[in-house]
Structure formats: C-alpha cells, structure tokens
Amino acid sequence: MHEPLAYMNAFLEVKAYLEDLAKREGADVPIQYPPEDKLGDLALPVGFKLAKQLRIPPEEAAKRFAGKINHPLIDKVEVANGYVNVFLKRGDVSADVLKAAMDKNYGSAERGGRVVIDYSSINVAKPMHIGHLRSTVIGGSLRRIYRFLGTEAIGINYLGDIGTQFGKLIVAYKRWADEDALEREPIRELLRIYVKFHEEAEKNPSLEEEAREAYRRLEEGDEEYVRLWKRFRELTIRYAQKIYDLLGVEFDEISGESFYVEKARELAETLLKMGIAERDPETGAIIVDFGEKMGKDIILKSDGTTLYLSRDLAALLDRIERYNPDKLIYVVGSEQSDHFRKLFWLADMLGVKRGLVHVPFGLINLPEGKMSTRKGRVVFLEDVLKKATDLAGREMQKRGTYNEEDARKIGVGAVNYAILKVEPEKNITFEWSRILSFEGDTGPYLQYSTVRARKILGKAGDWTPKSAENVNDDEWKMVKLIARFPEVLEEVVQKDRPHVLARYAYELARGFHSFYDHNPVLKSEEPTRSFRLSIVSAFHNVLARSLELLLIQEPERM
C-alpha cells in the first residue's frame with residue numbers, strides 16, 4: 001500500500017523532483033499549484049523555512065534554493081518574496097502527459113496490501129432509506145478506488161441482524177402479519193407490523209415484556225423463532241440486492257452481528273481475566289472503564305446478552321484473523337464516533353497493530369422532516385432512485401433524447417454524485433432541482449461532459465496524436481488538470497474520502513468546457529487539430545474513469 005504511482009507522468013515527475021530537492025535542502029514544504037499561469041506551474045514557499053535555518057531574508061534563501069534547481073523539463077524559475085515559482089516546458093510535458101492519459105489504465109497503480117471496508121450495514125427487516133445512502137456509496141466508491149490502485153479491498157456488509165427489535169418483530173408477525181403482503185412487498189409489510197407494534201404497545205405495555213421474552217428465546221435458539229429470524233434476514237438481503245445493483249455497489253461478504261454472539265461472550269470473559277474489564281458488583285454485568293473522557297461502558301449484560309461493542313470487537317478480531325488486512329475502514333455515521341473510539345481503544349489494548357479508520361458522515365436532511373422507523377416516517381431508497389430516474393427521463397424527453405436506460409444512469413448517477421461530492425462530515429440537504437440539474441456541480445453535468453467529448457471524438461474520423469510546440473493557456477490548463485489524476489486518487493486513499501475525486505472531476509469538467517468553448521478542435525489546422533483531439537481523448541478517458549470510480553455510469557445520450 002505504498003508508492004510508486006504507476007503513471008509518474010512528466011508533470012508529476014518534476015513535482016516529485018522538487019519535493020525531493022526541498023527535503024534534501026531542509027525545506028520540507030508542500031508544493032502549491034499557483035492560481036494563475038503567470039505565477040508559474042508549481043510554487044515552493046521554501047524561502048520562509050530556509051530563512052530561519054540560514055538566518056538570511058526569505059528572498060535570498062529562495063534565490064539560493066532556486067540556483068540548485070536543474071531539471072530538463074523546467075523552462076525557467078522565478079523568485080518572488082520567499083516563493084520559488086517554477087515554469088515547465090509546455091510542449092514536452094504536454095506530449096508525455098497526454099500520451100499517458102490516453103491509456104485505459106492511466107492512474108492505476110500497484111500499491112499492494114489489503115484493506116477491509118465495512119459499509120452499508122443495513123438492519124434486517126427494516127427498509128433501506130435515504131439515510132443509508134452515504135455509508136453505501138462512500139464505501140462502494142472506496143472499494144472501487146482501492147482496487148483500481150492495486151490494493152485488495154474486501155467490502156463487507158455487516159448486517160444489524162440481532163437486537164431487541166427482533167423480539168418486537170416476532171410478536172408483531174405472529175399477531176398482525178399479512179402473508180400475501182409479505183410475499184409481494186416484504187420490507188414494507190415488516191415495517192407496517194413493526195410500526196403497529198409500537199402503536200399497540202403504547203396502549204398495552206405488556207407487549208414490551210412479551211417482546212423481551214421473544215428475543216431471549218431467539219438468542220437461546222428457539223427453533224420457531226430462529227426460523228422466522230432467518231426468513232426476515234433472507235427477505236431483507238434479497239430486497240437490498242436490487243437496490244445495490246441499481247447503485248452499482250458490490251460486496252465481497254455479507255455477515256451480521258448474530259455471527260459474533262458467542263465469540264463476544266467469550267471475549268468479554270477474556271477481557272475480564274486480562275484485567276481490561278471488570279464485573280459490576282451491583283448488577284453483575286461486565287464493564288470497561290475507558291478513562292475520564294470516554295467513561296465506562298457495558299460489554300456484557302448480567303443476563304449474558306451481548307452488545308454492539310462486544311460484537312463489533314469480536315468481528316474486528318475475526319476479520320484480522322481471516323483476512324490479515326493492513327487497514328480496517330468503517331464507513332458509519334458520525335453519531336457512532338464514541339463507539340468507534342471505544343472499539344479502537346479495546347483493539348489497541350488487545351495488541352491490534354493495524355490501521356483502524358472510522359469514516360464518519362453527517363445527516364441527509366429532507367423537506368419531509370426527520371425520519372423515524374418506529375413511526376413509519378421513512379423515505380424508501382428505492383422510491384428516491386425511482387423519482388430520480390423519472391425526473392431525469394422528463395428532462396430527456398424535453399430534449400428529445402429519452403431512453404429508459406440512460407434515464408436510469410442519469411438519475412442514479414445524480415443521486416450518487418450528490419452524496420459523494422460532499423465531505424462526509426458535513427450534512428447534506430437533498431434538493432431535487434439542484435441534484436438533477438444538467439448544469440453546475442451535479443452528476444448530470446459531468447455525464448454530459450463525457451458525452452460531449454465522446455461526440456467530438458466520434459466526428460473526428462481517423463487521426464494520430466501529435467504534440468504542439470506552442471501550447472496556449474487553455475490547452476495547458478487542461479494538460480495540468482489531466483496530469484493530476486494519479487495523485488488525486490492517491491489522496492483519496494490516504495484520506496479515505498471519495499469527495500476528493502468528485503471535486504477533481506467537477507474541476508476537470510469545467511476546465512474542459514472552458515477549453516472547448518474557446519478553442520476550435522475539429523476545424524483547427526494540423527498539427528493543432530490532432531493535439532487538441534489528444535486533449536479531448538485524454539479528458540474523456542480520465543473523466544469517464546473518475547465517474548466509474550464514483551459509481552456513475554456514462555450514458556449514450558443526454
């Protein structure tokens with residue numbers, strides 16, 4: 001899971017050379033991309049750091065550093081205050097970058113290693129709602145990106161298939177289930193009876209005790225109750241798979257909390273013997289003191305019932321034993337941050353020396369108000385995707401380009417991009433008009449950009465890539481954007497944040513439209529025509545790959 005990038009194109013080669021030189025000179029500073037071409041292609045604020053070491057003004061320190069720069073692809077170097085601004089040879093760098101970027105494997109790598117990614121993790125017998133989108137698509141995208149970079153990524157859907165709600169569901173099923181409805185729309189029927197249970201329990205509190213008894217019997221292996229639980233689980237997986245297929249999300253393993261009940265009990269006793277846990281003298285429960293900041297928490301109830309924490313710890317250790325990963329990533333909501341701090345603390349106490357990463361995410365806000373499964377206020381995910389597809393179809397009909405498959409690609413792509421473009425920690429407001437717009441920072445805009453580029457290439461006929469002696473500013477901006485693709489992917493896996501790629505894709509698309517609107521491609525004279533077609537081809541390859549890694553399909557027409 002390390003360097004090198006598979007495509008160290010000329011632009012990134014110079015950047016790496018400058019970073020290495022700065023490090024050797026004692027000025028380990030991040031290289032910046034100047035906002036304007038007149039300020040150079042790469043900028044190093046080395047003067048400020050070297051000035052302290054050499055006890056000379058930043059300007060003089062920067063000049064000394066600039067005098068040591070010597071690379072065949074660098075055209076000139078300028079010093080401004082404490083900055084060293086580097087200008088590259090546009091023709092040579094462009095030829096190399098575009099040649100690399102037209103290869104279908106551009107941006108891929110051979111990082112090696114293995115990661116386990118826990119995402120989606122839906123609850124059995126409950127609907128997939130819009131709140132499940134972030135975990136599902138962030139994790140699904142990360143899995144694709146890691147794999148593209150040569151790391152074995154194992155995606156796990158860790159089902160919430162145990163807990164007191166199953167006692168309630170069993171009681172509700174026995175009293176009110178409609179078998180015909182359960183066959184037609186299983187999750188909607190299970191939700192209906194679950195909601196009914198809570199409505200009836202308000203009038204008849206004894207139902208709660210009945211549910212607790214049902215759950216106890218389930219954990220103890222009651223044959224009838226286990227059979228019902230298995231049925232609920234199978235119906236949920238079958239229902240969810242249709243949605244995963246629509247979203248383009250894949251898993252390598254579907255497991256569940258129920259797999260780890262016995263292991264969790266054993267683990268709690270082990271922690272007790274090791275002195276990491278203690279038995280509560282009043283209740284008999286096994287608890288862990290996590291220190292002043294995190295407080296105490298129960299890992300095993302007095303009646304032997306397991307909890308999230310003990311089951312998750314058992315699952316973590318099992319994944320390490322079976323997969324031997326370098327890193328374990330959990331894509332789970334921000335409200336579980338304390339839980340993962342405790343989980344990782346316990347893992348550390350048990351000697352786990354792996355990368356443990358929690359990718360927390362915020363809420364999705366809807367005009368419909370806060371969701372509640374108990375009250376039946378749920379926005380079903382399949383309804384969201386259907387609405388997105390219908391709205392995309394209507395827009396296509398206005399344009400005279402409608403076909404069902406492309407409407408689905410645009411609708412689902414719009415939803416996925418709306419989720420992935422936002423930094424996970426931030427909340428999202430789900431507004432249809434903005435999400436499905438064919439303009440601005442949206443999935444349809446990016447898809448339109450790939451379609452537009454593909455049409456240009458389709459009209460070009462036969463052509464051969466050619467270099468250009470004089471590369472104008474618009475062309476150069478595109479080359480530099482395309483050159484950055486491999487390092488953008490590397491940044492994604494360093495931070496485990498797909499929004500880095502989504503933001504890059506939008507910047508790339510905007511750059512392309514600006515370039516194309518001001519620079520004729522098909523009507524240009526040679527060699528300019530073939531050079532600009534190389535830019536269009538490289539752009540299409542990079543943006544189409546970016547969309548694929550963001551779980552977005554390229555439509556035929558828009």
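Taken together, the values in this text are just the output of simple stated rules run on the coordinates, not laboratory data. Just so it is clear, the model here is predicted, and its values are computed rather than measured. Note: ideal-geometry Cβ built from the backbone for every residue, glycine included; neighbour counts use all protein chains shown.
Of LYS242/LYS342; LYS99/LYS495; LYS168/LYS342; LYS480/LYS523; LYS76/LYS99; LYS168/LYS327, which sit over 27 Å apart, Cα to Cα? Mind dumping the intermediate values first?
Values: LYS242/LYS342 34 Å; LYS99/LYS495 29 Å; LYS168/LYS342 29 Å; LYS480/LYS523 24 Å; LYS76/LYS99 24 Å; LYS168/LYS327 37 Å.
Pairs exceeding the cut-off: LYS242/LYS342; LYS99/LYS495; LYS168/LYS342; LYS168/LYS327.
Over the stretch 49-151, what is the relative contact order in percent, taking alpha-carbon pairs closer than 8 angstrom and at least six residues apart?
Result for the stretch 49-151 is 19 percent.
Sort out for me the Cα centre separation of the stretch 286-346 from the stretch 7-28, rounded to whole Å.
So the separation of the two Cα centres works out to 41 Å.
Just one of [x] 26.7; [y] 24.1; [z] 25.2 is Kirkwood radius over Cα pairs in Å as worked out from the coordinates here. Which one is it?
After the calculation, the listed value that fits is [x].
Between ARG399 and ARG175, what is the label-to-label distance in nm when each label sits 7 Å out along the Cα-to-Cβ direction?
Between ARG399 and ARG175, the simple spin-label model gives 5.2 nm.
Report the local net charge at GLY443: Lys and Arg +1, Asp and Glu -1, summed over other residues whose C-beta lies under 10 Å from its C-beta.
Values: positive: LYS409, LYS421; negative: ASP441.
With Lys, Arg at +1 and Asp, Glu at -1, the neighbours total +1.
What percent do you get for the relative contact order of the stretch 264-419 when only Cα pairs under 8 Å and 6+ apart count? Let's see the in-between values first.
On the way: 159 pairs, mean separation 21.0, N = 156.
Relative contact order for the stretch 264-419 comes out at 13 percent.
In deg cm²/dmol, rounded to 500, what helix-only [θ] at 222 nm does the chain give when every DSSP H run of at least 4 residues adds -39500 (n - 2.57) and the total is split over its residues?
Numbers: 21 runs with 301 residues, N = 558.
Result for the chain, helices only: -17500 deg cm²/dmol.
Expressed in nm to one decimal, what extension gain is obtained for the pair TYR17 and GLU185 from 0.36 nm per residue of sequence separation less their Cα-Cα distance?
54.5 nm
Based only on other Cβ atoms within 10 Å, what is the fewest-to-most ordering of MET478, MET349? Numbers along the way, then the final one.
On the way: MET478 26, MET349 15.
Arranged by neighbour count, lowest to highest, MET478, MET349 become MET349, MET478.
How far, in nm, would the chain grow between ASP103 and ASP75 when pulled straight, counting 0.36 nm per residue and subtracting the alpha carbon separation? Numbers along the way, then the final one.
Numbers: separation 28, 0.36 × 28 = 10.08 nm, distance 2.67 nm.
Roughly 7.4 nm would be gained on extension.
FRET efficiency for VAL352 and ASN472, Cβ-Cβ distance as r, R0 = 35 Å, nearest 0.05? Write down the numbers at each step before the final one.
Details: r = 55 Å, r/R0 = 1.56.
Calculated value: 0.05.
Could you compute the FRET efficiency for GLU250 and LYS523, with r as their C-beta to C-beta distance and R0 at 60 Å, rounded to 0.05? Each step should come with its number before you reach the end.
Working: r = 44 Å, r/R0 = 0.73.
After rounding, the FRET efficiency stands at 0.85.
Which of the peptides 307-313, 200-206 is most tightly packed, and how do the rest follow, going by the mean number of other Cβ atoms within 10 Å of each residue? Mind showing how you got there, number by number?
On the way: 307-313: 22.4, 200-206: 11.0.
So the peptides 307-313, 200-206, ranked by packing, come out 307-313, 200-206.
Quick check on packing: order 462-469, 431-438 by the mean number of other C-beta atoms within 10 Å, highest mean leading.
On the way: 462-469: 12.8, 431-438: 15.5.
The peptides rank, most packed first, as 431-438, 462-469.
Taking the Cα centroid of the stretch 33-108 and of the stretch 175-217, what is the distance between the two, rounded to the nearest whole Å?
66
Which whole-number percent is the relative contact order of the chain (Cα, under 8 Å, 6+ apart)?
Details: 923 pairs, mean separation 87.7, N = 558.
16 percent.
So for the stretch 397-451, considering every pair of alpha-carbon atoms, how many percent are separated by more than 19 Å? Mind showing how you got there, number by number?
Values: 393 of 1485 pairs.
Counting every Cα pair in the stretch 397-451, those more than 19 Å apart make up 26 percent.
Quick check: Cα centre of the stretch 460-477 to Cα centre of the stretch 422-451, how many Å?
30
What's the exposure ranking of ASP252, ASP303, going from fewest to most Cβ atoms within 10 Å? Don't skip to the end; give the middle numbers.
Details: ASP252 14, ASP303 10.
Listing ASP252, ASP303 from fewest to most nearby Cβ atoms yields ASP303, ASP252.
Would you mind ranking MET102, MET396, MET8 so that the residue whose beta carbon has the fewest other beta carbons within 10 Å leads the list? Each step should come with its number before you reach the end.
On the way: MET102 18, MET396 22, MET8 15.
Ordered from fewest to most neighbouring Cβ atoms within 10 Å, MET102, MET396, MET8 come out as MET8, MET102, MET396.
Based on the mean of other Cβ atoms within 10 Å per residue, sort peptides 341-347, 228-234 so the most packed one is first. It would help to have the intermediate numbers written out before the result.
Numbers: 341-347: 19.0, 228-234: 17.1.
Top to bottom by mean Cβ count within 10 Å: 341-347, 228-234.
Under 5 Å between amide hydrogens, which residues at least 5 positions from ASP75 or on another chain qualify, with H placed 1.01 Å from N in the peptide plane?
Excluding prolines and chain starts, which carry no amide H, the hits are PHE87, LEU88, LYS89.
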